[in-house]
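Below is one structure, written out as structure tokens, with a few remarks after it.
The values are calculated or read from the model by the stated rules, or taken from the named source; none is laboratory data. This one's a predicted model, so the numbers in the text were calculated from it and none came from an experiment. Positions of Cβ are generated from backbone atoms using ideal geometry, with glycine treated the same way; all protein chains shown enter the neighbour counts. We work out accessible area using only protein heavy atoms, side chains counted, and drop any ligands, DNA or RNA first. Shrake-Rupley method; radii C 1.70, N 1.55, O 1.52, S 1.80 Å.
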Amino acid sequence: MDNQRQTIQQQSKRCRLVLFPLPLQGHINPMIQLANILHHKGFNISIIHTKYNLPNLSKYPHFTLHLIPDGLSETEASTTDIPLLLKLLNEKCVKPFLDCLARLLSDDADDPIACIITDAVWYFTQAVADNLKIRRIVLRTSSVGSLLAFAALPLLQDMGYLSWKDSEMDTPVVEFPPMKIKDIPTIKTSNSEGPYQIISNMVEQTKKASGLIFNTFKELEESELDKLQEQFLLPTFAIGPFHKYFSASSSSLWTQDRTSISWLDTQAPRSVIYVSFGSVAEMREEKLIEVAWGLANSAQPFLWVVRPGLVNGSEWLEILPKELLEAISRRGYIVKWAPQQEVLSHPATGCFWTHSGWNSTLESICEGVPMICSPFFGDQMVDSRYVNDIWKVGIKLEKGLERFEIESAIRKLMVGKEGEDMRKNIMCLKEKIDLCLKPCGSSYRSLDNLVDFISSFRPPV
Ligand code: UDP
């Protein structure tokens, strides 16, 4: 590092950054990881968090935590309609966030605040930042490809792609290869404005920010990053994968069942299918039964995360028929929540059947574990298409959750030639990750650029 850069970075030690995670698991984890990365680079860190979904941050005594009321009623806080929840949060948090940030700014004489870093989905924070004359950097916690797809929604809507019939879902979106109509990142909601207003707010307010951080790396999404630069005219920093800078995140909202690891210890190398559909996906009862039959019929050992609430209204496994539970318990181990990063790095794990959440996708690539993809909504649709068609490191279940397709995909991936090829492809990406984080690697350099960029916001005291 040259002397001038070193001096700037040392001065940045006096700067404080205020981070505001969106309170959903897949957004909290990367924001807390980013907080750790930036703290390691010398910044003081304050976290503003809603009372809703507050993780236990006691493992981070080096952060200052400011809780704000989110104004959600009990019914609102328990909704499973995510777009509606996001809209409510963006309306109800305006005043509490503004008051909290104004207070922090008025007290910052000895500890100047350089900028705020907020999740892209916290779109209201751009107006607050403008109002308080502080810069806002956006963290987008999903892939660049999916942000491009979200940004293209108005165009796709004008072209009639959003009103196609069910029978036309496999039609390619020629303007957006390799996407098919069914991959367009839609989300069902009871919100009268539909999901598009939220997406459009997110895209438009991100474009107004001072900078944009991605939990991705250049070698994975190079052409997407180039396209993004044409549409989003702001400095962009691809510094991921975040979780590789520090060991597993301690921002889990649920207790991670560590018996998963002792069970994996008893299994043969690369023999186990790890199954998890993340923190918000929901399925109908008959689909849970299809998943269970697919796993039982695959004749492979499996570790399955069945999150309470995965089937709306059910406690846990009580909806599975007795003979099915017996069939799966012969080969499988079921938990409510797992230490996912450790599971993926365990030698017994041979494949990850995932909902294609971006953190899960990156965590799998980092460990060289090929995937079976069952996306549920939003960015997962796009990410799973990239896994299947572009990176060729997994198989997307094209028919949804259907036992014969599940069984056949598991066989292809665990014992077939296709699986071998995917394993080679993903190992190649894993090597690229190792390189991008080394000095002079793309993410390493991008992180240095981000530190310089933030350090330039405030004159050194
Ligand atoms: N996760 C976990 N244990 C589990 C399932 C998931 O710790 O049993 C973590 C996983 O490692 C990831 C996050 O929860 O960091 C899920 O984020 P992702 O973007 O994959 O999906 P989302 O939950 O947002 O749909």
Please get the size of the charge dipole for region 1-153, origin at its Cα centre, with Cβ charges of +1 on Lys and Arg and -1 on Asp and Glu, quoted in debye to the nearest 20. 420 debye
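Quick check: with the 1.4 Å probe, what order do Val173, Val280 take by accessible area, largest first?
Val280, Val173
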Non-local residues with an amide H under 5 Å from the amide H of Ile113, with H modelled 1.01 Å from N and Pro and chain starts lacking one, are Arg16
Charges on Cβ only, +1 for Lys and Arg, -1 for Asp and Glu, centred on the Cα centroid of the chain; of Gly71, Gln300, Ser443, which one is farthest towards the dipole's positive end? Ser443
Estimated inter-spin distance, Leu54 and Lys165, nm [label 7 Å along Cα→Cβ]: 5.3 nm
Too long at a 29 Å Cα-Cα cut-off: which of Lys244/Lys392; Lys51/Lys430; Lys336/Lys432; Lys92/Lys133? Lys51/Lys430; Lys336/Lys432
Given a 1.4 Å probe and every protein chain left where it sits, what share in percent of the accessible area of region 227-347 is carbon and sulfur? 50 percent
For a quick check of understanding: with a 1.4 angstrom probe and all protein chains in place, what accessible area in square angstrom does Trp293 have, to the nearest ten? 60 Å²
Mean accessible surface per residue for region 373-461, computed with a 1.4 Å probe while every protein chain stays in place, in Å²: 46 Å²
Shape descriptor, the chain: equivalent ellipsoid semi-axes (Cα gyration tensor, sqrt 5λ, whole Å, largest first) stand at 36, 24, 23
Amide H within-cut-off set for Val173, under 5 Å, with H built and near neighbours excluded: Met179, Lys180, Ile181
Translational D (Stokes-Einstein, µm²/s) of region 241-299 at 10 °C and 1.306 mPa s when Rh comes from the Kirkwood sum over C-alpha pairs? 108 µm²/s
Area of Leu132 that stays accessible when all protein chains are in place (1.4 Å probe, Å², to 10): 50 Å²
For the chain, what is the charge dipole size about the Cα centre, in debye to the nearest 20, if Lys and Arg each add +1 at the Cβ and Asp and Glu each add -1 at the Cβ? 980 debye
By a straight-distance test (C-alpha under 14 Å), which aspartates and glutamates pair with Lys180 as possible cross-link partners, with residues fewer than eight away in the same chain excluded? Asp166, Glu168, Asp170, Asp379, Asp383, Asp389, Glu398
Along region 95-100, what does the Karplus equation 6.51 cos²θ - 1.76 cosθ + 1.60 (θ = phi - 60°) give for ³J(HN,Hα), rounded to whole Hz, x for Gly and Pro? 5, x, 5, 4, 4, 5
Please calculate how many Å² of accessible area region 168-317 carries per residue, with a 1.4 Å probe and no DNA, RNA or ligand atoms counted. 43 Å²
Label-point separation in nm, Ala109 to Asp389, each point 7 Å along Cα→Cβ: 5.9 nm
What are the residues whose amide H is under 5 Å from the amide H of Ser314, where those residues sit 5 or more places off or on another chain and H is modelled from the backbone? Gly309
What aspartates and glutamates could a cross-link reach from Lys412, if we take a straight Cα to Cα line under 12 Å and drop same-chain neighbours fewer than 8 places away? Glu420, Asp421
So the carbon and sulfur contribution to the accessible area of region 22-169, 1.4 Å probe, in percent, is 52 percent
Just the accessible area for Glu290, please: 1.4 Å probe, Å², rounded to the nearest 10? 40 Å²
